[in-house]
Amino acid sequence: MDVVPEDILERRLWVLAQLTNRLAQAGIRPILVGGTAVALYTAGSYFTADMDIVASNRRLAAQALQEMGFQPEGRHWVHQEWDIAVEIPDTDLAGDPKRVVQVELPDGSCVYCIGVEDLLIDRLNAAVHWRSLEDRRWAKELLKLHNRSLDREYLWSRAQQEGVLGLLNELQSEVSGTDEEDEVD
Amino acid sequence: MRKMKWTDIQSCRRVHLLDMMRREALKRLPRTRPRDPDEERALSQIVQTRWERWLASGKLVILEPRHWRLRLGSKSEEISR
């Protein structure tokens, strides 16, 4: 018997910690990416229907999910009882593994999450190429919340490589403006 | 007013999600319609407040920039694994 967190973000992290533990024996480190990573970096403010992870060996990750009770549904692995859908969209992290954040959970287990700089690049790309205003908004939220801890040199250099530097500068300017307004208040 | 059980709503949602997964339609749909600026400011304030609450309550402890500790403290339920 286990205590399953009721909150959806916590439940996803709890499941990911179990998967991380199982895959550690095979030397595989699953990394949280996508919307659930945005949720973690915004204290659960963002909602997404599924949990995307990157794992270097998709077959072993799928096998571990199956052992945990997940069933395949299209591209997803679904656990009916826990109400969680997992997708493994890629085997390679679109970003720097050294910038991954390790998150310890109370039972000593841990999960790994894409670095906030690389997550920002993902949202900026969606904002520019899909003209997605929601992605623009969430990129701005990430920039605002994590402005002081970002590796700015890395972020700006990647933004230039990806062709999203203009939007990054625009958002930085908006965020700086907001900070000044806050200080005046 | 029509009454519905929460479990029925959850069950409908689950069926809908599973259907979307089978059709491989579960991808984010880009929103291109701008939000009202006041709405956007209010939403942003909520995000900021939630983050500050996580830090102030000790739910999230940033041990090092790339090493965090998170307490899972919401209401829980017992489910057999």
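The simple Förster model, with R0 at 22 Å and r as the Cβ-Cβ distance, assigns residue B:62 and residue A:107 a FRET efficiency of 0.65. Counting Lys and Arg as +1 and Asp and Glu as -1, each charge on the Cβ, what is the dipole of the stretch A:66-123 about the Cα centre in debye, to the nearest 20? About 160 debye. Summarising the label geometry, the points placed 7 Å from Cα in the beta-carbon direction at residue B:12 and residue A:162 lie 3.8 nm from one another.
The trypsin sites (Lys or Arg not before Pro) found in the stretch A:73-148 that occupy coil by DSSP, while having at most 13 further C-beta atoms within 10 Å, are A:131, A:148. Loop-located chymotrypsin sites (Phe, Trp or Tyr not before Pro) across the stretch A:38-105 with a Cβ neighbour count of 13 or fewer within 10 Å are A:47, with loop assigned by DSSP. Along chain A, the exposed loop sites are GluC sites (Glu not before Pro) outside DSSP states H, G, I, E and B with at most 15 other Cβ atoms within 10 Å, and the longest stretch free of them is A:82-185. Summarised as an ellipsoid, the stretch A:8-114 has semi-axes of 18, 17, 14 Å, derived from the eigenvalues of the Cα gyration tensor scaled by 5 and square-rooted, with the largest first. Scattering from the protein assembly as shown was approximated by placing one identical point on each alpha carbon and applying the Debye formula without solvent; log10 I(q)/I(0) at 0.09, 0.10, 0.15, 0.17 1/Å stands at -0.43, -0.53, -1.23, -1.54. For the pair residue A:129 and residue A:83, a Förster radius of 41 Å applied to the C-beta separation gives a FRET efficiency near 0.85, rounded to the nearest 0.05. Dividing the summed -39500 (n - 2.57) terms of all DSSP H runs of n ≥ 4 by the residue count of the protein assembly as shown sets its mean residue ellipticity at 222 nm at -16000 deg cm²/dmol. For residue A:84, the amide hydrogen comes within under 5 Å of the amide hydrogens of A:79, counting only partners 5 or more places away or on other chains and with H modelled in the peptide plane.
At full extension, residue A:98 and residue A:169 could sit 23.1 nm farther apart than now, given 0.36 nm per residue minus the alpha carbon distance. What FRET efficiency comes out for the pair residue A:148/residue B:43, r = Cβ-Cβ distance, R0 = 25 Å, nearest 0.05? Between residue A:148 and residue B:43 the formula returns 0.70. Extending 7 Å from Cα along the Cβ direction at residue A:67 and again at residue B:1 yields two label points whose distance is 4.9 nm. For the stretch A:51-159, the square roots of the Cα gyration tensor eigenvalues, ordered a ≥ b ≥ c, give a/c of at least 1.5 with a/b greater than b/c, which places it in the prolate category.
Throughout, read-outs are computed from the coordinates displayed, never taken from laboratory work. Quick caveat: nothing in here was measured; it's all calculated off a predicted structure. Note that each Cβ is placed from the backbone with ideal geometry, even for glycine, and that neighbours are counted across all protein chains shown.
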